[in-house]
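I have placed the structure first, in the form of structure tokens, so that the comments after it can refer back to it.
The values are calculated or read from the model by the stated rules, or taken from the named source; none is laboratory data. Just so we're clear, the structure is a prediction, and the values are computed from it rather than from any experiment. Neighbour counts run over all protein chains shown; Cβ positions are idealised from the backbone, glycine included. Heavy atoms of the whole protein, side chains included, go into the accessibility calculation; ligands, DNA and RNA do not. Shrake-Rupley method; radii C 1.70, N 1.55, O 1.52, S 1.80 Å.
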Amino acid sequence: RPRLPPGGRRRGCPPARPPRVAGDLAVSVAASRYGLWPTLSKPVEFSAPPLTIALYTQFLPGLLFLPALGRHRVPRKDTPLLALITLAGAVGAPLVFYYGLTGTTAANAALLSNSESVFTVVIAFAFLGERLSHRGYVALAGIVVGAFTVTTGLSFGGLASVQYLAGNLLVILATFFW
């Protein structure tokens, strides 16, 4: 095994990218793809019902990963919780999301999809005892205010008459299931 000079790398070799940069890049790519989902699904709703769209975008791709489950042993006591999580995230959430998408705009659905992080943080608070930094709380508040603004249109007098209220609420409910 060759000895490395001080600094831990050979001369002329660029330093390895820190894992944080690669992670940030992966998160950015995933976020941009995640934002495309409602936009690309919206035109399809005119030719297929939400159940069909959910079947092709969530259920069937999920079945592709089924053979990989054979390699993992799940303790019997965890099976009910795993089944509940699977039903909520792979069945309930897509159905509720696509029905919500029929009642709102793709832009609203994309913006409201960020509500998922609010529910994730609340669940982490309640069950794992996790806490955020001050910046994290500010970001969380920004997401809540943004979701409230998109959902209600800041129309408080006749909230029931807000054009996309039902669809917006269904999209938010779907993010809870995810």
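Checked against the criterion of being part of a helix (DSSP H, G or I), open to solvent by 40 Å² or more (accessible area, probe 1.4 Å) and free of Cβ contacts under 8 Å to residues at least 24 places away in the same chain, region 92-106 has no qualifying residue. If you go through region 71-83 one residue at a time, do you hit one that is surrounded by fewer than 14 Cβ atoms within 10 Å (Cβ to Cβ) and small (Gly, Ala, Ser)? Yes, the conditions are met somewhere in region 71-83. A residue that is modelled with pLDDT of 90 or more, open to solvent by 50 Å² or more (accessible area, probe 1.4 Å), part of a helix (DSSP H, G or I) and of a type in the set (A, V, I, L, M) can be found somewhere in region 117-125. Taken as a whole, the structure places Gly89 among residues that are of a type outside the set (Ser, Thr, Tyr) and surrounded by 15 or more Cβ atoms within 10 Å (Cβ to Cβ). Here is the figure for region 49-70: residues that are surrounded by 10 or more Cβ atoms within 10 Å (Cβ to Cβ) and either under 21 Å from Tyr34 (Cβ atoms) or among the charged types (D, E, K, R) (or both) total 11. Note on region 126-154: among residues that are of a type in the set (Ser, Thr, Tyr) and modelled with pLDDT of 90 or more, the one that is surrounded by the fewest Cβ atoms within 10 Å (Cβ to Cβ) is Ser133.
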